[in-house]
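**Q** Below you'll find the structure I mean.
The values are calculated or read from the model by the stated rules, or taken from the named source; none is laboratory data. Keep in mind the model is a prediction, meaning the values are calculated, not measured. Neighbour counts are summed over all protein chains in view; Cβ atoms, including those assigned to glycine, are modelled from backbone coordinates with ideal geometry.
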Amino acid sequence: MTDFTRRALLASGAALPLAGLGATAARAEAPMKGASFARHRRFMIGGFEVTTILGGTAPRENPQGIFGMNVSEEEFNAVSEANFLSTEVAQFFFTPTVVNTGSELVLFDTGLNAEATVGALESAGYAADQIDVVVLTHMHGDHIGGLMNEGSPTFTNARYATGQVEYDHWAAAGNERFDQNVRPMADKMTFLGDGDDVVSGITGMAAFGHTPGHMVYRIESEGKGLAIFADLANHPVWSLARPDWEVRFDADKAQAAQARRNVLGMIAADRIPAIGYHMPFPAVGYVDTGSDGAEFRWVPEAGQLMG
């Protein structure tokens with residue numbers, strides 16, 4: 001190598017790898033940031049804009065105390081291991097959904113509490129007073145918890161819609177959370193039966209069992225479809241894939257299993273995307289027929305809805 005070539009390399013920095021490594025090492029002590037998660041996912045279904053929002057996530061110990069209560073510990077553990085799942089803890093997700101029809105902003109379920117849900121809405125670019133319609137799929141606490149904020153309605157400009165059977169059950173049950181959060185909204189509430197519309201393009205479907213009047217919703221716009229199945233299935237493996245596995249939170253376990261089979265079968269046959277309130281966030285995917293003992297299979301969305 002000539003002196004000229006060596007001088008050119010030195011001037012360009014190409015001959016200084018050790019100096020570069022030293023600088024990199026000096027910059028490597030950045031602080032740990034901690035675990036994080038995106039808080040919303042937005043996509044189009046025809047002319048409707050759909051946004052899932054993360055209202056919360058929490059671990060729950062002893063998964064078989066919640067799922068698969070009617071199967072042996074050996075079977076539960078084998079299925080869990082095959083799907084890379086811990087048998088010690090389950091991670092729960094709570095995912096309200098916003099549908100913008102172009103004329104109305106519709107919120108499905110209100111999360112654990114107003115603070116978390118409003119925060120998630122704001123992270124997605126919405127304010128609570130923009131919500132036109134609040135749909136309650138059912139009335140467990142993690143779906144009605146955000147209706148009220150320190151004794152006042154959270155969604156000040158909204159009207160409400162829910163299943164007639166569901167409302168009637170809880171109205172007669174003497175439930176404190178219902179009495180505090182739902183009953184005050186009764187005069188602004190529309191009561192739905194199987195096949196009734198919330199607004200044009202959003203139709204309620206009876207899927208009783210998880211609660212006495214639990215409902216799922218079918219979205220249709222410009223020839224495209226979407227199912228919002230709420231708590232029909234509360235886990236992709238321990239519930240959706242195996243509809244006969246009993247879930248502690250299901251009020252009528254046999255009816256809930258049949259509802260899972262009916263609705264999931266429809267979603268799989270129609271090959272439409274779906275949103276499950278407790279599916280791993282962003283809670284959007286497809287349902288396919290299963291194998292190896294599973295009746296169905298949850299297929300997380302993988303860019304199909306980016307367009």
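**Q** Of the residues Val199, Val165, only one is in contact with a Gly (Cβ under 7 Å, 6 or more places away or on another chain), over 19 Å from Thr95 (Cα atoms) and of a type in the set (Val, Ile, Thr); which?
**A** Working: Val199 fails: in contact with a Gly (Cβ under 7 Å, 6 or more places away or on another chain).
Only one candidate qualifies: Val165.
**Q** Kindly check whether there is at least one residue in the stretch 221-240 that is hydroxyl-bearing (Ser, Thr, Tyr), surrounded by fewer than 21 Cβ atoms within 10 Å (Cβ to Cβ) and not in a helix (DSSP H, G or I).
**A** Initial filter on the stretch 221-240 (hydroxyl-bearing (Ser, Thr, Tyr)): 221, 239.
Cutting the leftovers down to surrounded by fewer than 21 Cβ atoms within 10 Å (Cβ to Cβ) gives us 221.
Among the residues that remain, those that are also not in a helix (DSSP H, G or I) are: 221.
Yes; the residues of the stretch 221-240 include at least one that is hydroxyl-bearing (Ser, Thr, Tyr), surrounded by fewer than 21 Cβ atoms within 10 Å (Cβ to Cβ) and not in a helix (DSSP H, G or I).
**Q** Take the residues of the stretch 153-199 that are in a strand (DSSP E or B) and not hydrophobic (A, V, I, L, M, F, W, C): which is nearest to Ala114 (Cα to Cα)? Outline the logic, then answer.
**A** To start, the set of residues in the stretch 153-199 that are in a strand (DSSP E or B) comprises 153, 159-163, 189-192, 197-199.
Imposing the further condition that a residue be not hydrophobic (A, V, I, L, M, F, W, C) reduces the set to 153, 159-160, 162-163, 190, 197.
Working: Pro153: 9, Arg159: 17, Tyr160: 16, Thr162: 19, Gly163: 22, Thr190: 22, Asp197: 26 Å.
Out of the qualifying residues, it is Pro153.
**Q** Same structure again: Restricting attention to the stretch 150-162, does a residue exist that is surrounded by 14 or more Cβ atoms within 10 Å (Cβ to Cβ) and among the acidic types (Asp, Glu)? Write out each step before concluding.
**A** Start the filter on the stretch 150-162 by keeping residues that are surrounded by 14 or more Cβ atoms within 10 Å (Cβ to Cβ), which leaves 153-155, 158-162.
Pick out the ones that are also among the acidic types (Asp, Glu) and you get none.
No, the stretch 150-162 contains no residue that is surrounded by 14 or more Cβ atoms within 10 Å (Cβ to Cβ) and among the acidic types (Asp, Glu).
**Q** For residues in the stretch 45-74 being hydrophobic (A, V, I, L, M, F, W, C) and surrounded by fewer than 16 Cβ atoms within 10 Å (Cβ to Cβ), which is farthest from Gly223 (Cα to Cα)? Quick ask: steps written out before the conclusion?
**A** Of the residues in the stretch 45-74, the ones hydrophobic (A, V, I, L, M, F, W, C) are 45, 48, 50, 53-54, 58, 66-67, 69, 71.
Within this subset, residues satisfying the condition of being surrounded by fewer than 16 Cβ atoms within 10 Å (Cβ to Cβ) are 58, 69.
Values: Ala58: 37, Met69: 40 Å.
The selected residue is Met69.
**Q** Okay, next question. Which one is surrounded by the most Cβ atoms within 10 Å (Cβ to Cβ), of the residues in the stretch 99-130 that are charged (D, E, K, R) and closer than 23 Å to Gly46 by Cβ? Step through it out loud before you land on a result.
**A** Here is the first cut: in the stretch 99-130, the ones charged (D, E, K, R) are 104, 109, 115, 122, 129.
Subset that is closer than 23 Å to Gly46 by Cβ: 104, 109.
Working: Glu104: 16, Asp109: 27.
Within the stretch 99-130, the match that is surrounded by the most Cβ atoms within 10 Å (Cβ to Cβ) is Asp109.
**Q** Answer yes if at least one residue in the stretch 39-58 is hydroxyl-bearing (Ser, Thr, Tyr) and at pLDDT below 95, and no otherwise. Spell out how you get there, then give the answer.
**A** Our first condition is that a residue be hydroxyl-bearing (Ser, Thr, Tyr); within the stretch 39-58, this holds for 51-52, 57.
So of that shortlist, the ones also at pLDDT below 95 come out as none.
No, because not a single residue in the stretch 39-58 is hydroxyl-bearing (Ser, Thr, Tyr) and at pLDDT below 95.
**Q** Just a yes or no: is a residue in the stretch 184-195 out of contact with any Pro (no Cβ under 8 Å at 6 or more places or on another chain), β-branched (Val, Ile, Thr), buried (at least 22 other Cβ atoms within 10 Å of the Cβ) and modelled with pLDDT of 95 or more? Working first, answer last.
**A** Residues of the stretch 184-195 out of contact with any Pro (no Cβ under 8 Å at 6 or more places or on another chain): 186-195.
From what's left, β-branched (Val, Ile, Thr): 190.
Right, trim to buried (at least 22 other Cβ atoms within 10 Å of the Cβ) and you get none.
Scanning the stretch 184-195 turns up no residue that is out of contact with any Pro (no Cβ under 8 Å at 6 or more places or on another chain), β-branched (Val, Ile, Thr), buried (at least 22 other Cβ atoms within 10 Å of the Cβ) and modelled with pLDDT of 95 or more.
**Q** Select from the stretch 251-291 the residues that are touching a residue at least 12 places away in the same chain (Cβ under 8 Å), surrounded by fewer than 21 Cβ atoms within 10 Å (Cβ to Cβ) and among the hydroxyl-bearing types (Ser, Thr, Tyr) and list them in ascending order.
**A** Tyr286, Thr289
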